[in-house]
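Trainee: The structure under discussion is supplied below as structure tokens; questions concerning it will follow.
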Amino acid sequence: MIRAFLRSRRGASAVEFALVAPVLLAFILLLIEGGRMLWTQQALQEVASATARCLALGAEGCETPAAAAQFARARGPARGISLVGATITPRLNQTCNGTAGMAQVAIVLPFQVAGGLLPGGPSELDASACYPALS
């Protein structure tokens, strides 16, 4: 009876799957979270660029740095990201990459990979952009 049990191959696939499944699922989760992180970073960069342009041109709703921060907070959800808890720092007359008289916007967004399950992931994403201000 014991020899028959040891020679039997029934259930071998289920055991192999049970051994491989956690690694496979973890890999898939990390791929999804990596894509979400890159997508959020790109959306954050777009919000920073649009806000810097709006502030530099003095467009309606961006006449002051405080108004530009509100513009960024309103633009975030349009790009699919929530800027709740984000630090938005719009500034006029800054020097960016050696060029003076620029409007600069920096955004720092708290971020957790996989809801904090991956301790080695970034704790925040940041984006900054500059745009030449009107003289």
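The values are calculated or read from the model by the stated rules, or taken from the named source; none is laboratory data. All of these numbers come straight from a predicted model, not from anything done at the bench. All Cβ positions, even for glycine, are placed from backbone atoms using ideal geometry, and neighbour counts span all protein chains on display. Side chains included, ligands, DNA and RNA excluded: accessible areas come from the protein's heavy atoms. Shrake-Rupley method; radii C 1.70, N 1.55, O 1.52, S 1.80 Å.
Every residue, every condition in (1) charged (D, E, K, R); (2) open to solvent by 90 Å² or more (accessible area, probe 1.4 Å); (3) modelled with pLDDT of 90 or more; (4) in contact with a strand residue (DSSP E or B) (Cβ under 9 Å, 6 or more places away or on another chain), yes or no:
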| site | (1), (2), (3), (4) |
| --- | --- |
| Met1 | no, yes, no, no |
| Ala4 | no, no, no, no |
| Arg10 | yes, yes, no, no |
| Val20 | no, no, yes, no |
| Phe71 | no, no, yes, yes |
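Trainee: Do we find a residue being farther than 20 Å from Ala86 by Cα, assigned to a helix (DSSP H, G or I) and in contact (Cβ under 8 Å) with a residue 40 or more places away in the chain anywhere in region 53-65?
Mentor: Checking region 53-65: at least one residue is farther than 20 Å from Ala86 by Cα, assigned to a helix (DSSP H, G or I) and in contact (Cβ under 8 Å) with a residue 40 or more places away in the chain.
Trainee: Quick one: is Leu55 open to solvent by 60 Å² or more (accessible area, probe 1.4 Å) and hydrophobic (A, V, I, L, M, F, W, C)?
Mentor: Here the answer is no, as Leu55 does not meet what is asked.
Trainee: With respect to Ala14, determine if the residue is within 17 Å of Ser128 (Cα to Cα) and either open to solvent by 50 Å² or more (accessible area, probe 1.4 Å) or assigned to a helix (DSSP H, G or I) (or both).
Mentor: No; evaluated as a whole, the condition is false for this residue.
Trainee: For region 77-89, indicate whether the set of residues that are surrounded by 15 or more Cβ atoms within 10 Å (Cβ to Cβ) and either in a helix (DSSP H, G or I) or touching a residue at least 60 places away in the same chain (Cβ under 8 Å) (or both) is non-empty.
Mentor: no
Trainee: What are the residues in region 95-107 that are under 30 Å from Gly35 (Cα atoms) and assigned to a loop (DSSP other than H, G, I, E, B), if any?
Mentor: Within region 95-107, Asn97 is the sole residue that qualifies.
Trainee: Condition first: touching a residue at least 12 places away in the same chain (Cβ under 8 Å) and aliphatic (A, V, I, L, M). Now tell me which residues in region 90-119 satisfy that.
Mentor: Scanning region 90-119 gives Leu92, Met102, Ala103, Val105, Ala106, Ile107, Val108, Leu109, Val113, Ala114, Leu118.
Trainee: Looking at (1) more than 23 Å from the chain's Cα centre (by Cα); (2) open to solvent by 40 Å² or more (accessible area, probe 1.4 Å); (3) closer than 30 Å to Pro119 by Cβ, find the lone condition where Glu60 falls short.
Mentor: Exception for Glu60: condition (3).
Trainee: Sort out which residues of region 29-48 are in contact with a strand residue (DSSP E or B) (Cβ under 8 Å, 6 or more places away or on another chain) and open to solvent by less than 50 Å² (accessible area, probe 1.4 Å), and write them in order of number.
Mentor: Across region 29-48, the qualifying residues are Thr40, Leu44, Val47, Ala48.
Trainee: Which residues, taken from region 108-129, are in a strand (DSSP E or B), open to solvent by less than 50 Å² (accessible area, probe 1.4 Å) and either farther than 30 Å from Ile28 by Cβ or aromatic (Phe, Trp, Tyr) (or both)?
Mentor: Answer for region 108-129, where residues must be in a strand (DSSP E or B), open to solvent by less than 50 Å² (accessible area, probe 1.4 Å) and either farther than 30 Å from Ile28 by Cβ or aromatic (Phe, Trp, Tyr) (or both): just Ala129.
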